[in-house]
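Enquirer: Please see the structure below; I have some questions.
The values are calculated or read from the model by the stated rules, or taken from the named source; none is laboratory data. On a predicted model such as this, the values are computed, not experimentally measured, just so you know. Note: ideal-geometry Cβ built from the backbone for every residue, glycine included; neighbour counts use all protein chains shown. Heads up: the accessible areas ignore ligands, DNA and RNA and are worked out on the full protein's heavy atoms, side chains in. Shrake-Rupley method; radii C 1.70, N 1.55, O 1.52, S 1.80 Å.
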Amino acid sequence: MRIKSLFIGVLSLMAMQVFIQSKAGDRLPQLGKDKIEKVIAAMTPDEKIGMSVGDGKFLPAAISKTTEQGTGIIIANQNSKMVIPRLSVMSSALTDGPSGVNRDPHPEGATEYSYTTAFPTSTCLASTWNTELVENVGKAYGNEALEYDYDVVLMPAMNLHRNPKCGRNFEYYSEDPMLSGKLAGAMVRGVQTTGVGATLKHFLANNQETNRRSYNAVVSQRALREIYLRGFEIAVKEGHPKAIMTSYNKVNGYYTAETPELLNDIVRKEWGFNGVFMTDFDGYGSAVAKVRAGNNMLMGGSQDEVKELTAALKDKTLDESTLDKNLVYNMELKLNSPRAKGHIPTQKPDLEAHAKIAREAASEGVVLLKNNNKTLPFKGVKKVAVFGKISYYLIEAGTGSGGIRSNKYAISVNEGLKAAGFKVLKELEDSYTAFNANIMEQNLVPDYFNNPVMLANNGIKDGKAPGHFKKRLIPFHDEMAMTPEQVKKQVANSDIAVITLGRSGGEGYDNGYLPTSDTELSLIRNVCETYHAAGKKVVVVLNIGGVCETASWKNYPDAILVAWQPGQEGGYAIADVLKGAVNPSGKLPDSFFMKFEDVPSAKTFPGEPAENPVNSFYKEGIYVGYRYYETFNVPVSFEFGFGLSYTTFGYSNLKLSSDTFSDKINVTVQVKNTGSVAGKEVAELYLSAPNSVLEKPAQELKGFAKTQLLKPGESQTLSFELDKRTLASFRSGIGAWVADKGDYKVHIGASSKDIRLDSSFNLPEEQIVERVHDVMYPNFAMEELSQHKK
């Protein structure tokens, strides 16, 4: 009976194959040889659903379980697999980012380790204000993905820094949409020179991790267009990414993945995007709604989604033609992959060359916030007293899918100083090394996470930190306490003191900002007072993922460096700046506020109710970051765009091509190195628009340019272009970008407050620059911040 049943089963399969072949003709179409439409037409409905959900992972030919369900994190080596053999259709191989190719360095069955580079995080790269450098980082990143056999990298992430508490801010660039868009576009261009696809994420208004899979961001149309959509728009138009990942959250009442007005009307029709829309992994919502909205890949996919789509085809609430249309983008992605074009991965990217690029980017991302009496670069320094646990444990990136787990090393500040030829104090080194080792050995869940919600979310019952907490242990442990007497013992044996403070953050928790602890404040005060009493200086290095509190302690040290989370070469890069091998040229991509309560979204973050927000009200409207602080005259600790150098720069010869705007205006300015050492400078162009019809921020960044390395006395002319869209604000009432008539003021500066030159031009008549779809209006009556209702 068993043989008979097996024989009947084989006959049935053969009959089905004959039926399918007769349906498609004598020869089945093959992806790569025949038109995409023919390949899709030859698919069965089940195959079409299977390619839409999880990119084929539930089809019989695919190997199951390629993602950790519920985590949104891709596991090691999710490389391409043949999912429809008879049509030569393979899945697309994806890998996480944006700090580096995030994979297992020693996958099961491998005979040797295969490492990847931990590049500086996006915030660190944003501080370079250097699109060419960021593009080069993208090329190196793309090469590693290429040689490890991936088709698409899930980066860059480019949500705005709306609030410093967001745990994933280290993955994002800036509080400013233009800076974010320009740099993300450069990263996309760099990655895609290798043939590997880049993915903009998380689209849209994904500015918090609290209740991240279901909260509703309530945002006005104007704030969406000018602040939250604008960066993505720039990156799409200038980078042409192969994919966009929709976010978990809702915007104005609907999940982003279920919103055709967002995906089709805005992104495809207005911006001209022709790549793949994929959902973030294991999000909530309806599979049918996501497919009908225009998503091409539901990731990571589930059997429930397969069942939902199958039932919808049967009861005609979903038409098969919708799947056909969506699958065209999926198939085009595969046809344009390196594999389809014949590339054979080497599994041997040039990690040494990439490490050099990572080091260059990290050093150029360092921002010099303070440098009293030319404390830096070091002069006559031979012995350094290195304080702070993070001096001995570099936070190269945050945690979660945007982190990195396949880098071979991460150079600490202490290691960097030693490699640069400085002697460090053995007693301090031994004490801090033992302190950090004890934290790791105890393996206790850090206090920050030791609450019922965090413990339940991570399945922790015994107080011991699970494996994925490894990179949270030292960063989230309090600083090692040190008495004034202990500090005093180090003074005689050292020429200068360096203190490193650190902050981490990550996916699934909102803690990107934590105030300065009493132990940290005591350490800074004790070290500074003791060293200053001996006539010696103190430098503080900030190894942080985003904005931190500085106002309570910034007056103590002689110099302050922000190194951000600088990737694996961080310690080397920091030492390069300290010793003067690199002249710092980084500028802040965010405003450093005086206190958290000054942040415009402080009162509304993360939403209502605060413990488990359903709605997050973006009541600050367009007034995010410096737009708020400068318009409402709120003092900051360090302003947007700020950063010092070891040299000085002069600005001159500001010229506008016309004093009356017609179609565009060209702006040029000369920047001269007026100091004694070579350096680079970022010139920032801000525009103040007429405040007549719509209220406007005091000024907005509309252009930036970085000089080459200028020798002392050397000059360079930098150019900017202002087009109609640069002048325009969004008017919700008519669904259009409009440039108001009147006088526009051009400000050229070294920061948003350090304005060096001014000029102006006039727009004689109001101009409607672009009419767009009147969509995405909020599902609540918005009460936004206004200059008229302070």
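Enquirer: Pull up segment 63-87, narrow it to residues that are touching a helix residue (DSSP H, G or I) at 6+ places or on another chain (Cβ under 8 Å) and open to solvent by 20 Å² or more (accessible area, probe 1.4 Å), then point me to the one that is modelled with the lowest pLDDT.
Expert: The qualifying residue modelled with the lowest pLDDT is K81.
Enquirer: Sticking with this one: May I ask you to say which residue of Y141, Y150 is in contact with an Asp or Glu (Cβ under 9 Å, 6 or more places away or on another chain), closer than 28 Å to K334 by Cβ and either hydroxyl-bearing (S, T, Y) or open to solvent by 10 Å² or more (accessible area, probe 1.4 Å) (or both)?
Expert: So the residue among Y141, Y150 that is in contact with an Asp or Glu (Cβ under 9 Å, 6 or more places away or on another chain), closer than 28 Å to K334 by Cβ and either hydroxyl-bearing (S, T, Y) or open to solvent by 10 Å² or more (accessible area, probe 1.4 Å) (or both) is Y150.
Enquirer: Continuing with the same structure: Can V636 be described as under 13 Å from A217 (Cβ atoms) and β-branched (V, I, T)?
Expert: No, not satisfied.
Enquirer: Quickly run through segment 92-102 and pick out the residues that are assigned to a loop (DSSP other than H, G, I, E, B) and either under 18 Å from the mean Cα position of the chain (by Cα) or among the aliphatic types (A, V, I, L, M) (or both).
Expert: Once the filter is applied, which keeps residues that are assigned to a loop (DSSP other than H, G, I, E, B) and either under 18 Å from the mean Cα position of the chain (by Cα) or among the aliphatic types (A, V, I, L, M) (or both), segment 92-102 yields A93, G97, P98, S99, G100, V101.
Enquirer: Turning to a different aspect of this structure: Picking from S214, S286, S247, which residue would you name as being in contact with a His (Cβ under 8 Å, 6 or more places away or on another chain) and among the hydroxyl-bearing types (S, T, Y)?
Expert: Criteria check complete, one pass: S247.
Enquirer: If you scan segment 706-733, which residues turn out to be assigned to a loop (DSSP other than H, G, I, E, B) and open to solvent by 50 Å² or more (accessible area, probe 1.4 Å)?
Expert: Within segment 706-733, Q708, L709, K711, P712, E714, G733 qualify.
Enquirer: Restricting to segment 312-328, count the residues that are open to solvent by 50 Å² or more (accessible area, probe 1.4 Å) and either closer than 13 Å to S286 by Cα or β-branched (V, I, T) (or both).
Expert: 1
Enquirer: Return a yes/no flag: does segment 711-721 have any residue that is farther than 20 Å from K182 by Cα and among the acidic types (D, E).
Expert: Yes, segment 711-721 contains a residue that is farther than 20 Å from K182 by Cα and among the acidic types (D, E).
Enquirer: I need every pair where a residue in segment 285-304 that is touching a residue at least 12 places away in the same chain (Cβ under 8 Å) has its Cβ under 8 Å from the Cβ of a residue that is basic (K, R), sequence separation at least 6 or different chains.
Expert: G294/R268; L298/K290; G300/K57; G301/K57
Enquirer: Of the residues that make up segment 103-112, is at least one modelled with pLDDT of 90 or more and either part of a loop (DSSP other than H, G, I, E, B) or open to solvent by less than 30 Å² (accessible area, probe 1.4 Å) (or both)?
Expert: No, that holds for no residue.
Enquirer: Do we have any residue at all in segment 614-636 that's open to solvent by less than 20 Å² (accessible area, probe 1.4 Å) and over 30 Å from R731 (Cβ atoms)?
Expert: Looking for residues that are open to solvent by less than 20 Å² (accessible area, probe 1.4 Å) and over 30 Å from R731 (Cβ atoms), one finds none in segment 614-636, hence no.
Enquirer: From the list A750, A736, A781, pick out the single residue that is farther than 27 Å from W271 by Cβ and surrounded by fewer than 18 Cβ atoms within 10 Å (Cβ to Cβ).
Expert: The conditions single out A781.
Enquirer: Among N691, N666, which is closer than 29 Å to A728 by Cβ and out of contact with any strand residue (DSSP E or B) (no Cβ under 7 Å at 6 or more places or on another chain)?
Expert: The unique qualifying residue is N691.
Enquirer: Sort out which residues of segment 532-549 are surrounded by fewer than 23 Cβ atoms within 10 Å (Cβ to Cβ), outside any strand (DSSP E or B) and of a type outside the set (G, A, S), and write them in order of number.
Expert: H532, K536, C548, E549 - these are the residues of segment 532-549 that are surrounded by fewer than 23 Cβ atoms within 10 Å (Cβ to Cβ), outside any strand (DSSP E or B) and of a type outside the set (G, A, S).
Enquirer: Among the numbered conditions (1) part of a helix (DSSP H, G or I); (2) farther than 23 Å from E233 by Cβ; (3) of a type outside the set (A, V, I, L, M, F, W, C), tell me where E135 comes up short.
Expert: So the condition that E135 fails would be (2).
Enquirer: Could I ask something else about it? So how many residues does segment 399-433 have that are among the small types (G, A, S) and modelled with pLDDT of 95 or more?
Expert: Qualifying residue count, segment 399-433: 7.
Enquirer: Please go through segment 329-349 and give me each residue that is surrounded by fewer than 15 Cβ atoms within 10 Å (Cβ to Cβ), on the phi < 0 side of the Ramachandran plot and touching a residue at least 24 places away in the same chain (Cβ under 8 Å), ordered by number.
Expert: The answer is L335, K341, T346, K348.
Enquirer: Continuing with the same structure: One residue is enough: does segment 612-627 have a residue meeting the conditions modelled with pLDDT under 95 and not β-branched (V, I, T)?
Expert: There is at least one residue in segment 612-627 that is modelled with pLDDT under 95 and not β-branched (V, I, T).
Enquirer: I'd like to check which helices (runs of 4 or more DSSP H) are fully inside segment 375-479 and have at least 3 residues that are open to solvent by 10 Å² or more (accessible area, probe 1.4 Å).
Expert: 413-419, 426-442, 452-457
Enquirer: Residues that are surrounded by fewer than 24 Cβ atoms within 10 Å (Cβ to Cβ), of a type in the set (S, T, Y), under 15 Å from A157 (Cβ atoms) and at pLDDT 95 or above: does segment 231-247 have at least one?
Expert: yes
Enquirer: From the list T483, T550, which residue is more than 30 Å from S214 (Cβ to Cβ) and out of contact with any Phe, Trp or Tyr (no Cβ under 8 Å at 6 or more places or on another chain)?
Expert: Exactly one of T483, T550 is more than 30 Å from S214 (Cβ to Cβ) and out of contact with any Phe, Trp or Tyr (no Cβ under 8 Å at 6 or more places or on another chain), namely T483.
Enquirer: Another question, then. Quick one: is Y172 in contact with a Cys (Cβ under 9 Å, 6 or more places away or on another chain) and not aliphatic (A, V, I, L, M)?
Expert: Against the criterion (in contact with a Cys (Cβ under 9 Å, 6 or more places away or on another chain) and not aliphatic (A, V, I, L, M)), Y172 qualifies.
Enquirer: Could you check segment 276-344 for helices (runs of 4 or more DSSP H) lying wholly inside it with 1 or more residues that are more than 17 Å from K57 (Cα to Cα) and aromatic (F, W, Y)?
Expert: 320-335
Enquirer: Right, something else. Suppose we filter segment 596-617 for residues that are in a loop (DSSP other than H, G, I, E, B) and polar (S, T, N, Q); how many remain?
Expert: 3
Enquirer: Could you please find all residues in segment 762-778 being over 24 Å from L656 (Cβ atoms) and either open to solvent by 50 Å² or more (accessible area, probe 1.4 Å) or over 31 Å from the mean Cα position of the chain (by Cα) (or both)?
Expert: Within segment 762-778, R771, H773, D774, Y777 meet the criteria.
Enquirer: Still on this structure, I have one more. With the condition kept exactly as written, say whether any residue in segment 480-501 is within 30 Å of T375 (Cβ to Cβ), touching a residue at least 60 places away in the same chain (Cβ under 8 Å), out of contact with any Lys or Arg (no Cβ under 9 Å at 6 or more places or on another chain) and assigned to a loop (DSSP other than H, G, I, E, B).
Expert: yes
This table checks each residue for (1) assigned to a strand (DSSP E or B); (2) over 22 Å from D743 (Cα atoms); (3) not polar (S, T, N, Q).
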site: G650; (1), (2), (3): yes, yes, yes
site: N653; (1), (2), (3): yes, no, no
site: S658; (1), (2), (3): no, no, no
site: V669; (1), (2), (3): yes, no, yes
site: K672; (1), (2), (3): yes, yes, yes
site: L687; (1), (2), (3): yes, no, yes
site: S692; (1), (2), (3): no, no, no
site: K696; (1), (2), (3): no, no, yes
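Enquirer: Taking the residues in segment 682-718 that are without any contact (Cβ under 8 Å) to a residue 40 or more places away in the chain and of a type in the set (K, R) as candidates, determine which candidate is farthest from P600 (Cα to Cα).
Expert: K711
Enquirer: Between L369, L351, which is over 16 Å from V577 (Cβ atoms) and either aliphatic (A, V, I, L, M) or at pLDDT 95 or above (or both)?
Expert: L351
Enquirer: While we're here: Among the candidates E630, E620, which residue alone is assigned to a helix (DSSP H, G or I), touching a residue at least 40 places away in the same chain (Cβ under 8 Å) and either farther than 30 Å from P712 by Cα or small (G, A, S) (or both)?
Expert: E630
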